[in-house]
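For reference, the structure is listed below as structure tokens.
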Amino acid sequence: MSQALIDELTRFCLMKTDEYRMELLDMVDRLGSEEAAFQICWRTYQWPTGTPEHALDEFARMISLERLLEINQKHGISRVEEAVVGVARTIPRFNPHGGFAGLLRFFRELVSIAVNNGGSLVKYFAKFTDAKILENDLSKLPGIGPVLAPGIVRELRLADIIKLDIKNVNLSPADPVMRVLERTHIIPKDATLEEADKVVRMKFKVPPMALDAGLWHIGFYYCREKPECDICPIMHICPKCMEGEAHG
């Protein structure tokens, strides 16, 4: 592992983080903080499924927090569940994380959190003064857990919905992130999350959450189980590519 690799990964990851920040701030401008927070939560929930962006956008056009709160107030949470699943079933290639039963559990809990905080997810987030405590609370949401909770915290911070310092939030243990770190020899194969986070904090000059979006991007779109090294944005510096090896 060379310093050139660390520097190039840092550059790429900070660039992707900045791009995501601009996209998220634009979403807040268009939708407002409340609806943006809602979308950040459920879109992060859907990350593992690979659902196409156009399918997510179609779902977003028909399902809003405002609408679900109104349905809940008039008809109860069971009708909220019917609305969510009814819309999801009509969208081609919308692949619900955890199946439709999992999707129901997640939205039921998310809407309940908003209801218990005066109809506001933003008010719920504002109760927290420590990003790690917020991460831990979000990890209890159905289907979120420790893999996706850091991503929600990161997105909320990039969108300026929360103002908490996220430097101490650990690296996400999502498969795309860990795969890139392993294949570039930054961490040993089968390293634990704690080991990976420790190495990243030692080798890089920026906190893990500043790298997370870029590492996830590389791992999800290029460094897959069957990698596409020939079009990867870091192929010129990746040890495997430079050695002429196939990723395994």
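Read the figures in this text as sums done on the coordinates, not as results from a lab. Computed from a prediction, not measured in an experiment: that's the story for all the values here. Cβ placement follows ideal geometry from the backbone for every residue including glycine, while neighbour counts extend to all protein chains displayed.
Values as computed for the structure displayed
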{"quantity": "Test result for residue 94, in a helix (DSSP H, G or I), aromatic (Phe, Trp, Tyr) and touching a helix residue (DSSP H, G or I) at 6+ places or on another chain (Cβ under 6 Å)", "calculated": "no"}
{"quantity": "Among the candidates 198, 205, residue that is over 29 Å from residue 105 (Cα atoms), touching a Ser or Thr at 6+ places or on another chain (Cβ under 9 Å) and not β-branched (Val, Ile, Thr)", "calculated": "205"}
{"quantity": "Check on residue 99, surrounded by fewer than 16 Cβ atoms within 10 Å (Cβ to Cβ) and under 17 Å from residue 142 (Cβ atoms)", "calculated": "yes"}
{"quantity": "Check on residue 134, in contact (Cβ under 8 Å) with a residue 60 or more places away in the chain, closer than 24 Å to residue 17 by Cα, crowded, with 19+ Cβ neighbours inside 10 Å and hydrophobic (A, V, I, L, M, F, W, C)", "calculated": "no"}
{"quantity": "Meets criteria (closer than 24 Å to residue 21 by Cβ and not in a loop (DSSP other than H, G, I, E, B)) for residue 123", "calculated": "yes"}
